[in-house]
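Let me begin by presenting the structure, written as structure tokens, before commenting on it.
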Amino acid sequence: MSGPDCTGDGVGEVCITCSDLAVPVLVLEVRPDDLALVRTAAGVDEEVSVALVEAGVGDTVLVHAGEALARMDPAQTGPARVGPTTEPE
């Protein structure tokens, strides 16, 4: 199963559970059991779950609470919020 590719601009999107940000990270290594080694913008390497997305080495994924939620379009940069988009009227 794969999650959606992230194609929005990341503005105004919030996690409906806790309102936290999803953080873009670079996939360094795909590991067994739906895990991946990733590098944050701060240069910290962490292991996260990629069970919800199809991710490969070199992909940028949005991670929230240790779970990759979406694969980002290579043209996107910067932190994004996850969840429904709220547009001002």
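The values are calculated or read from the model by the stated rules, or taken from the named source; none is laboratory data. Since the model is a prediction, treat every value here as computed from it, not as a measurement. Neighbour counts run over all protein chains shown; Cβ positions are idealised from the backbone, glycine included.
Residue 19: hydroxyl-bearing (Ser, Thr, Tyr), at pLDDT 55 or above and exposed (fewer than 12 other Cβ atoms within 10 Å of the Cβ), yes or no? Here the answer is yes, as residue 19 does meet what is asked. Restricting 68, 51, 42, 75 to residues that are of a type in the set (A, V, I, L, M, F, W, C), out of contact with any Ser or Thr (no Cβ under 8 Å at 6 or more places or on another chain) and either modelled with pLDDT of 95 or more or surrounded by 12 or more Cβ atoms within 10 Å (Cβ to Cβ) (or both) narrows the list to 51. For the condition hydrophobic (A, V, I, L, M, F, W, C), surrounded by fewer than 14 Cβ atoms within 10 Å (Cβ to Cβ) and modelled with pLDDT of 85 or more, residue 57 qualifies.
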